[in-house]
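In what follows, a single structure is set out as structure tokens and then discussed.
The values are calculated or read from the model by the stated rules, or taken from the named source; none is laboratory data. The shown structure was predicted, so the numbers you read here are calculated from the model rather than taken from an experiment. Here Cβ is always computed from backbone atoms with ideal geometry, including for glycine, and neighbour counts include all displayed protein chains.
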Amino acid sequence: MEISDNYMDFVTNDSKVDVLEGTTAAGKTTIAFDIKFMYMVGKSEFKKHLIAGESIGTIESNILNCENGLLDIWGEELQYFPNGHGSIRLPHLKLNDNIIYLCGYSDISKFKKILGGQFGVVGIDEINISNMEFIREIFLPRFQYLLATLNPDNPDKEIYTEIINRCRPIEKHKIPEYIWTELNRSIPHKNWFYWFFTYDDNPSITPERREDLLSSLLPETREYQTKILGKRTKGTGLIFYLKKENIITEKQAMYDNPDEQNPLKLVRKQYKRFSCGVDTSYSRKSDDTFTFIYQGITNQGELIVLDERVFNNKDRAKANLPSLSPSDIAIEIDKFFIEMNNKWGICNTIFIDSADAGTISECIKFKRNNGRSYIVVEAWKHLKIIDRINLQNGWIAKLKYLIAETCVEHIKEHNKYSWLPNKDEPEDENDHTINGSQYGWIPYKNEIGV
């Protein structure tokens, strides 16, 4: 079986845990189970192993009976007993003296019959949809080696925080920047490795099959984002579709032709104006955030999100710190605003969510008492959300809406903000930096995209 260099690194890497994520048709399941799983079974001193999937039928379809499945590759060496055999009443595979139990993690009553002992090698198919009670039981640990496969899913799932984001790639294995952003949300675990594969890693895929994949789903669908692009996302359909060209470096935001080799050729980007938008939430229980967004509009009609500051009271509660009040936020807004004026250019107006009268009042009081010259304005929210979305999507498509790569939360929200199921309206989450940006550009929308 021909495999790519990336897969060869995976197969030969000395790991305790391997997690394989990526696009559809990348060959993850085939390489993971046909080669590395069986190789690890052969070298383990344990004789009891486990393959887990959503159900036994799913395991048969995805791993055992598919083209290049285990039974196809290993032939008569590998015996399958779907109803058990002899003293073993559970579904299992037999390879020499090795017993590989099969388990569906969607049925708690059935997987509890298997768990309790120590396994040599564990393979989990589609770990992103697995039962977390099952996962926590397996990771006590009850294994010598474990591998898991998945296609990208909702990044807010517990499985990402507790397991997947704690894995790290080997140095030579390159992964997308948006995946790095997610991995950095969790503390890494020693000897747990992360792998990201695409159809480019699958030598057996034909140009015709590749073209079918790329044209089979509309870009507007969540399935296109996860299966074709390999992005983690949630909801029934993404609202915004950032291209890599929409994400720029800080130097590109400062200069029209950033030349690393010849700094003397740098030409400063011409901004017509800068604006600052603020969205707030004082809850100690929700994930809603305080969001400050600083952005500029160029003489080319580009809206560039230049910088952000995002934090919340929930994290302060976890750290046993007192909650921030409107008077505290007024000070934080002032610090951010002055820093951004010095770094990017002068702005004279701060737009704050009109629903937050307390913060607006404290900001006005703070600026009066401290001699600040900026203006504090209630955000004009009469422009309907659907109209804001349509405007922004048009700018994104024409590369008139750009985001500095340091604005990781703003980028992350664009990759998660979704429509509600069966409704023509967006979800009321994953939109705080988006709202902050909108508050800042709504008054100047006629200057963008021209």
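Worth a mention:
- Single condition F10 does not satisfy, out of (1) surrounded by fewer than 24 Cβ atoms within 10 Å (Cβ to Cβ); (2) modelled with pLDDT of 95 or more: (1)
- Of all residues in the range 179-225, those being within 13 Å of the chain's Cα centre (by Cα) and within 18 Å of E158 (Cα to Cα) number 8.
- Residue count for the range 128-149, restricted to those that are crowded, with 24+ Cβ neighbours inside 10 Å and under 13 Å from E21 (Cβ atoms): 3
- With respect to the stated conditions, I403 is in a strand (DSSP E or B), modelled with pLDDT of 95 or more and either in contact with a helix residue (DSSP H, G or I) (Cβ under 6 Å, 6 or more places away or on another chain) or more than 25 Å from V450 (Cβ to Cβ) (or both).
- In the range 392-448, the residues that are among the acidic types (D, E), over 24 Å from K157 (Cα atoms) and touching a strand residue (DSSP E or B) at 6+ places or on another chain (Cβ under 9 Å): E405, E447
- Within the range 356-367, the set of residues being among the basic types (K, R) and farther than 20 Å from S275 by Cα comprises just one member, K365.
- Subset of the range 345-382 (residues that are in contact (Cβ under 8 Å) with a residue 24 or more places away in the chain and buried (at least 20 other Cβ atoms within 10 Å of the Cβ)): C347, I350, F351, I352, D353, D356, T359, E362, C363, V376, A379
- Residues satisfying the stated conditions in the range 291-331, i.e. at pLDDT below 95, basic (K, R) and in contact with a Ser or Thr (Cβ under 9 Å, 6 or more places away or on another chain): K314, R316
- One residue stands out in the range 87-111 among those that are surrounded by 17 or more Cβ atoms within 10 Å (Cβ to Cβ) and among the hydroxyl-bearing types (S, T, Y): the one that is nearest to I35 (Cα to Cα), namely Y101.
- Pairs where the first residue, in the range 323-341, is farther than 17 Å from S373 by Cβ and the second is part of a helix (DSSP H, G or I) and among the hydroxyl-bearing types (S, T, Y), C-beta under 7 Å, 6+ apart: P326/T359; I329/T359
- When each of G53, G57, G84, G42 is tested for being assigned by TED's automatic domain parsing to the domain that holds G123 and crowded, with 17+ Cβ neighbours inside 10 Å, the lone residue that passes is G53.
- Listed here are the helices (runs of 4 or more DSSP H) enclosed by the range 56-122 that have at least 2 residues being more than 31 Å from the chain's Cα centre (by Cα): 70-74, 108-114.
Residues are listed down the side, and each one gets a yes or a no for (1) acidic (D, E); (2) in contact with a Pro (Cβ under 7 Å, 6 or more places away or on another chain); (3) within 23 Å of D287 (Cβ to Cβ):
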{"position": "L140", "(1), (2), (3)": "no, no, no"}
{"position": "D156", "(1), (2), (3)": "yes, no, yes"}
{"position": "P169", "(1), (2), (3)": "no, no, no"}
{"position": "Y178", "(1), (2), (3)": "no, no, yes"}
{"position": "T181", "(1), (2), (3)": "no, no, yes"}
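- Enumeration of residues in the range 416-450 that are part of a helix (DSSP H, G or I) and touching a Leu at 6+ places or on another chain (Cβ under 7 Å): W441, I442, K445
- Only listed residue being at pLDDT below 75 and of a type in the set (A, V, I, L, M, F, W, C), chosen from L229, L214, L218, L238: L218
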